[in-house]
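Visitor: I'd like to ask some things about the structure below.
The values are calculated or read from the model by the stated rules, or taken from the named source; none is laboratory data. This structure is a prediction, so every number in the text was calculated from the model and none was measured. We place every Cβ from the backbone using ideal geometry, glycine too, and count neighbours over all the protein chains shown. In case anyone asks, the SASA skips ligands and DNA or RNA and just uses the protein heavy atoms, side chains included. Shrake-Rupley method; radii C 1.70, N 1.55, O 1.52, S 1.80 Å.
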Amino acid sequence: MGAKVEYGDDEVTVSRDDNGLIRSITADLNDIPDAAMTVAVLAAFAEGRSRISGIQSWRVKECDRLDAMTRELSKAGAEVRCGADWIEIDPNPLQKLSSSLPPPSSHVRISTYNDHRIAMSLSLLSLGPKGMAVEIEDPGCVSKTFPEYFKEFFRLT
């Protein structure tokens, strides 16, 4: 998606490339379905339409994650479609993380469906266009795998 990745002895640093853009992606992410949720959120800020396939396992997790991600990314202004094992995200008008344009909504309330990965991945929407507030319903659902997630997220941002 265009990031610069630098490996150290005991760390990895990921940053935007020199032009600051996130490139769209078309990929089968069957081997990394949990990480694919983060890719889907990044796709909401990419330059162009992204398609993630091979994620049929999203349908049989804590909730139907394909349906949930489609609904919640749509709330934030992306155009999203899904099928049996894929999701397609057209970011317009969320295209640029540094956009000076106002977001489609100044407040987005994200439903978590009591799913820790929905809450954690969609929290990244808050790093998007300036002025868009993201409210996560039931943030405590992250306690299943990372009880301190939001504390760490706020510390890093």
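Visitor: I want to check the label-to-label distance for Thr38 and Leu127. Put each point 7 Å from Cα in the C-beta direction and report it in nm to one decimal.
Guide: The two pseudo-label positions are separated by 0.8 nm.
Visitor: Another question, then. I'd like the carbon and sulfur percentage of the solvent accessible area for the chain, probe radius 1.4 Å, heavy atoms only, ligands and nucleic acids excluded.
Guide: Heavy-atom surface of the chain belonging to carbon and sulfur, 1.4 Å probe: 50 percent.
Visitor: Turning to a different aspect of this structure: Which one of Gly20, Val39, Val108 is farthest out on the positive end of the charge dipole of the chain, using unit charges on Cβ (Lys, Arg +1; Asp, Glu -1) and the Cα centre as origin?
Guide: Farthest towards the positive pole: Val108.
Visitor: Subtracting the Cα-Cα distance from 0.36 nm times the residue separation, let me have the gained length for Asn114 to Asp31 in nm, one decimal.
Guide: Values: separation 83, 0.36 × 83 = 29.88 nm, distance 2.38 nm.
Length gained between Asn114 and Asp31: 27.5 nm.
Visitor: Run lengths n ≥ 4 of DSSP H only: what is the helix-derived mean residue ellipticity at 222 nm for the chain, with -39500 (n - 2.57) per run over all residues, to the nearest 500? Intermediate results must be reported in sequence, preceding the final value.
Guide: Working: 4 runs with 37 residues, N = 157.
Taken over the chain, the calculation gives -6500 deg cm²/dmol.
Visitor: Then there is this: Compute the projected area of the convex hull of the Cα atoms of the chain, averaged over all viewing directions, and report it in nm² to one decimal place.
Guide: 9.2 nm²
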